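Each remark here refers to the structure printed beneath this line.
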Amino acid sequence: MVFNDERGIEMSYTFALVGNPNSGKTTMFNEITGNTQYVGNWPGVTVEKKEGKARRFKDDISIIDLPGIYSLSPYTMEEIIARDYIVDEKPDVIINIVDASNIERNLYLTTQLIELGIPVVVALNMIDVVNLRHDKIDIEKLEEGFGVSVLVASASKGLGVTEVVEKALELAKSATVKKSELSHRIFDNEVEDSLKKVKELVNMLANKSGYSARWLALKLLEEDIKLKEKLDVSEVMMSDIKKLGQELENKYDNDIETIIADNRYRFISGVIAKAVSRKSKGNTLTMSDKIDKVVTNRILAIPIFLLVMLSIFQVSFGSIGSYTIDWLDVFINKTISGFLTSLLEAGGAADWLKALIIDGILAGMGSMLVFVPQIMIVFFFLSLLEDSGYMARAAFVMDRVLRKLGLSGKSFIPMLMGFGCSVPAVMAARTLENEKDRRLTIILTPFMSCGARLPVYALFAAAFFAKNQGVVIFSIYILGILIAVLSGIFLKRFILKGEVAPFVMELPPYRIPTLKGLSIHMLDRGKGFVKKAGTVIFAASVIIWFLQTFSFTFQMVENPADSIMGGVGRLISFVFAPLGFNDWRASVALLTGVVAKEVVVSTLGILSGVGEISEGSAELAIALQTYFTPLKAYAFMAFTLLYMPCVAAFGAIKREMNSWKWTLFTVGYQTGTAWLVAFLIYQVGKVMGLG
Amino acid sequence: MPLTMLSVGKEAKIDYCRANDKTKKYLEDLGLIPGAIVSIVSELGGNLILSVKDSRIALSKGVASQLIVES
């Protein structure tokens, strides 16, 4: 809390949004802050905490959106992030988002939050779903039971959100934190007695660390290893606490964690029995259940899954996708290029300037910009899968298949997202509880061909496989999946050995995706690519143009082969010679492709001197035919697919692996695999007489 | 009996859980504690979609066989 003493009115506060996955936290966050963060319908959308400022309030209120968690026990990475934030940063108020349509399970977290000694406001979200079911929730009884303020809200409809923040503000401003009276009512007398004893033991430690003594006692009684390590609790103290825990275990004939969880759930049941009256009986099938009976049916599940995936590919890479490319190609490479050329000529611009703008910048940016709509279509479908709730079912359906490869169904979500962009996909691997499973998923995810690689395939397929473009591009995607499968088996067998974590995942109810939600995500991604074209690709284009225009002695060269770029390309091209593409331009393109994979296309565009002639990529295709054969082109596409991902994804891998050793192993493995696969394609193809 | 033996649509009460501590704790956080009433919504090759309270939890066959229920 920061006070501005001089004026005495302006203050700044921090409120944290805490709740179960899929309870609508991110929607609430967007509603409060006016942000447009993407909201998905699968557990683990918010993998990192996000910060925003509350609108419509005079005070300076920071809102922190934490990852969705089921409890404060640090068992998954998200739970660790969320818990560390809450207990260490101590927000002024916790806004606990509770999904009213799944109230009992959601309140389990609430019973833990109210023990932290931080004021809590419960936002009973999705109240509209409850109303629709004609169930009744008595708010007063709920407030009485939990000893906290409860407000109803529907974040998706924007209802009750301001009131929640107002209430939180009121709590933050009232200097005295109302100690909730209820905590000791959650547990049985036996547990309370033991807790009291532990509390006496840890009082000093609590004062030193600033944690609430009761919370600390409870966590140590549960033998929370993370906390024990963090506070460096002495073995003597731990063994005293353990003794108390064992006494309880003997009394209940159960283990301590179960006793405490059971106590919490029984407390909740007691409150719920008074506060909630249900019209619907528990055992009726919901709409979601009925859909699941079809979608996860033992006969239909796989065919439905394949049908969904194939239709997405068909629309994105078939007629509709290629239509947008043709249209934009003409627009950029004929209309804009022609316009700029005449403008520059009329203005009497110097030749070098004309060359820089038309051959460098426009050729570089244009050759990738044409693919933005198609990439947006891919993202449209990915968000459709996420928002509807099908993504989580696909993970369930694929679990059995993936388990044979040494992965869990949870790995499916990051991998599918990988078809959009590797960066969020690699981050999505955080939902995997087991470290080895997570590492393996991170290594394999970039083999799923991201949107940025698509321009490369599209270009080569058009140039060399004009009649079968769709099939060839599709085969590259399949190749990526196949390599991931083989790598999974190989790595699990020899490097990341061990049991795969059991698949346990909450399935969100199906929801009809809103057009608003879908377009936010799609436009956001599209904007991201355009921005990338305007910044990274723009800069790369200028540098590449410069390096291919000047020689090592900074003389303007007639033939790009004599340029700096030509020199570098020839120097490294021996690496690629066994793969068939030993031309210096191909080598350079792969090198620059590490900046961003689309840059492979812009580099080839610039190096082939396209742009001047306003025929665009058709011209580039003809240029490529001078130094590629169809076989070489296919090997090149395979290499582009598999070799190390762009620097942004590299950064994400480094962050998520949290180890240089594993990061370097990942990109080394990927690049090695790329080389080997391209080598096999080219050499076997040559033997078969395809070269 | 293990949860895998329960037929689709029938209700049962969780008796105890034989999974390792970590998995068990996670299941408890999701509401799968002894005494909880569960039913199976769908079954696919041994993997289950379970209805517990108001939520639906997907479980792989291995972990489902470690949950012991009484009907």
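The values are calculated or read from the model by the stated rules, or taken from the named source; none is laboratory data. Just so it is clear, the model here is predicted, and its values are computed rather than measured. Quick reminder, even Gly has a Cβ in these numbers, built from the backbone with ideal geometry, and neighbours come from all protein chains shown. Remember, those area values only see protein heavy atoms, side chains included, never the ligands or the DNA or RNA. Shrake-Rupley method; radii C 1.70, N 1.55, O 1.52, S 1.80 Å.
In debye, nearest 20: dipole of chain A around its Cα centre with unit charges on the Cβ of K, R (+) and D, E (-)?
1340
Mind checking the mean number of beta-carbon atoms from other chains within 10 Å of the Cβ atoms in B:19-27?
Mean shielding count: 5.
Other chains near A:586-594: what is the mean number of their Cβ atoms within 10 Å of each residue's Cβ?
Counting Cβ atoms of other protein chains within 10 Å of each residue's Cβ and averaging gives 0.
If you count, for every residue in A:106-117, the Cβ atoms of partner chains within 10 Å of its Cβ, what is the mean?
Average neighbour count from other chains, rounded to a whole number: 1.
Quickly estimate the mean residue ellipticity at 222 nm for the protein assembly as shown, helices only: each DSSP H run with n ≥ 4 gives -39500 (n - 2.57), and the total goes over all residues, rounded to 500.
Rounded to the nearest 500, it is -17000 deg cm²/dmol.
Probe of 1.4 angstrom, ligands and nucleic acids ignored: what's the accessible area per residue over chain B, in square angstrom? Walk me through the numbers before you get to the answer.
On the way: 2510 Å² over 71 residues.
On a per-residue basis, chain B sits at 35 Å².
Does segment A:5-173 come out rounded, prolate or oblate, given a ≥ b ≥ c as the square roots of the eigenvalues of its C-alpha gyration tensor, rounded meaning a/c under 1.5 and, failing that, prolate meaning a/b above b/c?
Numbers: a/c = 1.33, a/b = 1.19, b/c = 1.12.
Verdict is rounded for segment A:5-173.
In nm, to one decimal, how far is the modelled label at A:GLU143 from the one at A:LYS334, with both set 7 Å along Cα→Cβ?
6.8
Are there chymotrypsin sites (Phe, Trp or Tyr not before Pro) in segment A:39-141 that DSSP puts in a loop and that have at most 15 other Cβ atoms within 10 Å, and which ones?
A:PHE57
Evaluate the relative contact order of chain A (contact order divided by residue number), counting alpha-carbon pairs under 8 angstrom at least 6 apart; express in whole percent.
On the way: 1061 pairs, mean separation 80.7, N = 691.
About 12 percent, as a whole number.
For a test of the definition: using alpha carbon positions, the gyration tensor, and the 1.5 limit on a/c, classify segment A:560-691 as rounded, prolate or oblate.
oblate
Let a ≥ b ≥ c be the square roots of the eigenvalues of the Cα gyration tensor of segment A:479-588; is it rounded (a/c under 1.5), or, if not, prolate (a/b larger than b/c) or oblate?
oblate
Need one value: the accessible area of A:VAL191 in square angstrom, 1.4 angstrom probe, rounded to the nearest 10.
0
Probe 1.4 Å, all protein chains in place: accessible area of A:MET448 in Å², nearest 10?
Roll a 1.4 Å probe over it and A:MET448 shows about 10 Å².
Using a cut-off of 19 Å between alpha-carbon atoms, which lysines can reach B:LYS25, once sequence neighbours fewer than 8 places away in the same chain are excluded?
Straight-distance partners of B:LYS25: A:LYS219, A:LYS226, A:LYS228, A:LYS242, A:LYS410, B:LYS13, B:LYS53, B:LYS61.
Protein chains only, probe 1.4 Å: how do A:PHE464, A:PHE447 rank by accessible area, largest first?
A:PHE464, A:PHE447
Take every Cα pair under 8 Å in segment A:189-277 that's 6+ residues apart, average their separations, divide by the length, and report that relative contact order as a whole percent.
Relative CO of segment A:189-277 lands at 24 percent.
Got a sec? What order do B:ILE40, A:ILE520 fall in by accessible area at 1.4 Å, biggest, i.e. largest, first? Spell out each step's value before the answer.
Numbers: B:ILE40 5, A:ILE520 50 Å².
Sorted descending by solvent-accessible area, the residues read A:ILE520, B:ILE40.
In square angstrom, rounded to the nearest 10, how much accessible surface does B:ASP29 have for a 1.4 Å probe?
Number for this one is 0 Å².
Suppose accessible area is computed on protein heavy atoms with a 1.4 Å probe; arrange A:HIS134, A:HIS521 from highest to lowest.
Largest accessible area first, the list is A:HIS134, A:HIS521.
Treating cross-link reach as a plain straight distance, find the lysines whose alpha-carbon is under 18 Å from the alpha-carbon of A:LYS686, omitting any fewer than eight places away in the same chain.
Leaving aside lysines fewer than 8 places away in the same chain, those within reach of A:LYS686 are A:LYS632.
Using the membrane-span-like helix rule (whole DSSP H runs, Cα extent along the own axis of at least 27 Å, mean Kyte-Doolittle hydropathy at least -1.0), which helices of chain A qualify?
The answer, listed by residue number, is A:189-209, A:256-275, A:469-494, A:660-687.
What total accessible surface area, summed over both chains, is buried at the interface between chains B and A, computed with a 1.4 Å probe and given in Å² to the nearest 100?
3500
Per residue, how large is the accessible surface of segment A:76-219? Use a 1.4 angstrom probe and give square angstrom.
For segment A:76-219, the per-residue accessible area is 42 Å².
Could you work out the relative contact order of segment A:5-173? I mean the mean sequence separation of Cα pairs under 8 Å and 6+ apart, divided by the number of residues, in percent.
Details: 321 pairs, mean separation 39.4, N = 169.
Once normalised by length, the contact order is 23 percent.
Which aspartates and glutamates have a Cα less than 20 Å from the Cα of A:LYS436, not counting those fewer than 8 places away in the same chain?
Cα-Cα hits under 20 Å: A:GLU78, A:GLU79, A:ASP399, A:GLU499, A:GLU656, B:ASP21.
Considering only DSSP states other than H, G, I, E and B, which GluC sites (Glu not before Pro) in segment A:123-225 qualify as loop sites with at most 10 other Cβ atoms within 10 Å? Present the calculation step by step, with values, prior to reporting the outcome.
Numbers: sites: A:GLU140, A:GLU143, A:GLU144, A:GLU163, A:GLU166, A:GLU170, A:GLU181, A:GLU190, A:GLU192, A:GLU200, A:GLU222, A:GLU223; in loops: A:GLU181, A:GLU222, A:GLU223.
Listed in order of number, the matching sites are A:GLU181.
Putting +1 on Lys and Arg Cβ atoms and -1 on Asp and Glu Cβ atoms, find which of A:SER519, A:VAL601, A:GLY534 reaches farthest to the positive end of the dipole of chain A.
Working it through, the farthest residue towards the positive pole turns out to be A:VAL601.
Within the protein assembly as shown, what whole-number % of the accessible surface is contributed by carbon and sulfur, with the 1.4 Å probe and all protein chains included in the calculation?
C and S atoms contribute 60 percent here.
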